[in-house]
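Only one structure is covered here, and it is reproduced in the block below.
The values are calculated or read from the model by the stated rules, or taken from the named source; none is laboratory data. All figures in this text were calculated on a predicted structure; none of them were measured in a lab. With ideal geometry, Cβ positions are generated from the backbone for all residues, glycine too; neighbour counts draw on all protein chains shown.
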């Protein structure tokens, strides 16, 4: 199969306002690609919106396409071979979007769903947990509690929230560089209310957003999470191995999750060797399908929880991957209303009552619904 051209898209809301904190790409916009084969089959791919800023990302896509994909003879292992010896971290992070698109093209040629290209036999259903809980300091925790209660009522396996955000509405990149402090007392109060309302068996998780650092405060936080039986604690420290050496001083036995930033199998092995995480959280917008399968071969299905904080294309890439597995894994579902959802048509492949009505559509089953949406700034370039 050969690729004859690529279309690069950038979507951004002309005006996006919210009284609550929201994922950074809701405000800054996001990029996705469409590869077109010589036989006119199309494949979509969605890189992580956190790799770099959209302008630089578009330039990277153009250079990568011209160097590695234009008029090249491709198969489903082509990107894996490229990535195997890649030393460029940004390129490592971008290549999975091309992998997503190539797999969709091959699935359309075979008139199959992507999950059936990955593995001929698919699972019948999947398990999701609700991921939300984004509020500013000073806002009413009752709304957060209502969101958690609704998640249980809607059939999700668990609920994940974030500590209250500073009112200055920092971007993801700003929070990673200078993590804001955590209001521990508010978490302690909310944890007691959560467990009381949700019952003893419902999974409760928290994404700490790399905001811990002080040993005394971290130990106190971990004691709270243990008392209220949290299923896992996500990313307590900055994303480097040295930061996690604090665990040697805290000596906790609660479950930790992380690894959404891991963009190649070599980096996974470095983290896995240290045994800091009970659960790894890969995402098909940073890791190839084959790489996540290698992770599963190494640590088992039960230690994989799929990261899924993205838009429709990557959502369906993750879903197709999960359906191709031999055993079920827990999957994140972003429950915060996405301003870009109406740009895409994905049929009836929506998560309802904690499950997905998976119709095994050809490819991923995603199409562009309306490229002239009034409220969106749309950049489209064909190469």
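Brief remarks on what is shown
- Test set (1) surrounded by fewer than 22 Cβ atoms within 10 Å (Cβ to Cβ); (2) farther than 30 Å from residue 248 by Cα; (3) at pLDDT 95 or above - residue 288 fails condition number: (1)
- Residues within region 61-112 that are touching a strand residue (DSSP E or B) at 6+ places or on another chain (Cβ under 7 Å) and on the phi > 0 side of the Ramachandran plot, tallied: 1
- Screening region 341-351 for residues that are surrounded by fewer than 19 Cβ atoms within 10 Å (Cβ to Cβ) and part of a loop (DSSP other than H, G, I, E, B) and picking the one that is nearest to the chain's Cα centre (by Cα) gives 350.
- Flag for residue 148 being touching a residue at least 24 places away in the same chain (Cβ under 8 Å), at negative phi and not assigned by TED's automatic domain parsing to the domain that holds residue 352: no
- Conditions (1) crowded, with 17+ Cβ neighbours inside 10 Å; (2) in contact (Cβ under 8 Å) with a residue 60 or more places away in the chain; (3) touching a strand residue (DSSP E or B) at 6+ places or on another chain (Cβ under 7 Å): number failed by residue 328: (1)
- Here the condition is being within 30 Å of residue 14 (Cα to Cα), part of a loop (DSSP other than H, G, I, E, B) and within 14 Å of the chain's Cα centre (by Cα); of 336, 319, 313, it holds for 336 alone.
- Residue-level check: of (1) exposed (fewer than 15 other Cβ atoms within 10 Å of the Cβ); (2) under 21 Å from residue 264 (Cα atoms), residue 17 misses just (2).
- Conditions (1) more than 19 Å from residue 308 (Cα to Cα); (2) touching a strand residue (DSSP E or B) at 6+ places or on another chain (Cβ under 9 Å); (3) surrounded by 17 or more Cβ atoms within 10 Å (Cβ to Cβ); number of the one not met by residue 229: (3)
- Residue that is farthest from the chain's Cα centre (by Cα), among those in region 292-303 that are within 21 Å of residue 116 (Cα to Cα) and surrounded by fewer than 24 Cβ atoms within 10 Å (Cβ to Cβ): 297
- Look at (1) exposed (fewer than 15 other Cβ atoms within 10 Å of the Cβ); (2) closer than 28 Å to residue 275 by Cα; (3) modelled with pLDDT under 95 and you find that residue 180 fails only one, number (1).
- Breaking point among (1) under 26 Å from residue 18 (Cβ atoms); (2) in contact with a strand residue (DSSP E or B) (Cβ under 6 Å, 6 or more places away or on another chain); (3) in contact (Cβ under 8 Å) with a residue 60 or more places away in the chain, for residue 203: (1)
- Of the criteria (1) loosely packed, with under 15 Cβ neighbours inside 10 Å; (2) under 28 Å from residue 155 (Cα atoms); (3) within 24 Å of the chain's Cα centre (by Cα), which one residue 200 fails: (3)
- Which listed residue, of 105, 117, is buried (at least 16 other Cβ atoms within 10 Å of the Cβ), part of a helix (DSSP H, G or I), out of contact with any helix residue (DSSP H, G or I) (no Cβ under 9 Å at 6 or more places or on another chain) and at pLDDT 90 or above: 105
- Taking the criterion of being closer than 13 Å to residue 311 by Cα and either outside the structural domain of residue 303 (by TED's automatic domain parsing) or modelled with pLDDT under 85 (or both), the only residue of region 324-363 that qualifies is 350.
- Condition met for residue 253 (more than 30 Å from residue 32 (Cα to Cα) and modelled with pLDDT under 95): yes
- The number of residues in region 146-175 that are crowded, with 18+ Cβ neighbours inside 10 Å and touching a helix residue (DSSP H, G or I) at 6+ places or on another chain (Cβ under 7 Å) comes to 6.
- Taking region 151-165 as the range and being more than 17 Å from residue 189 (Cα to Cα) and out of contact with any strand residue (DSSP E or B) (no Cβ under 6 Å at 6 or more places or on another chain) as the test, the residues that pass are 152, 153, 154, 155.
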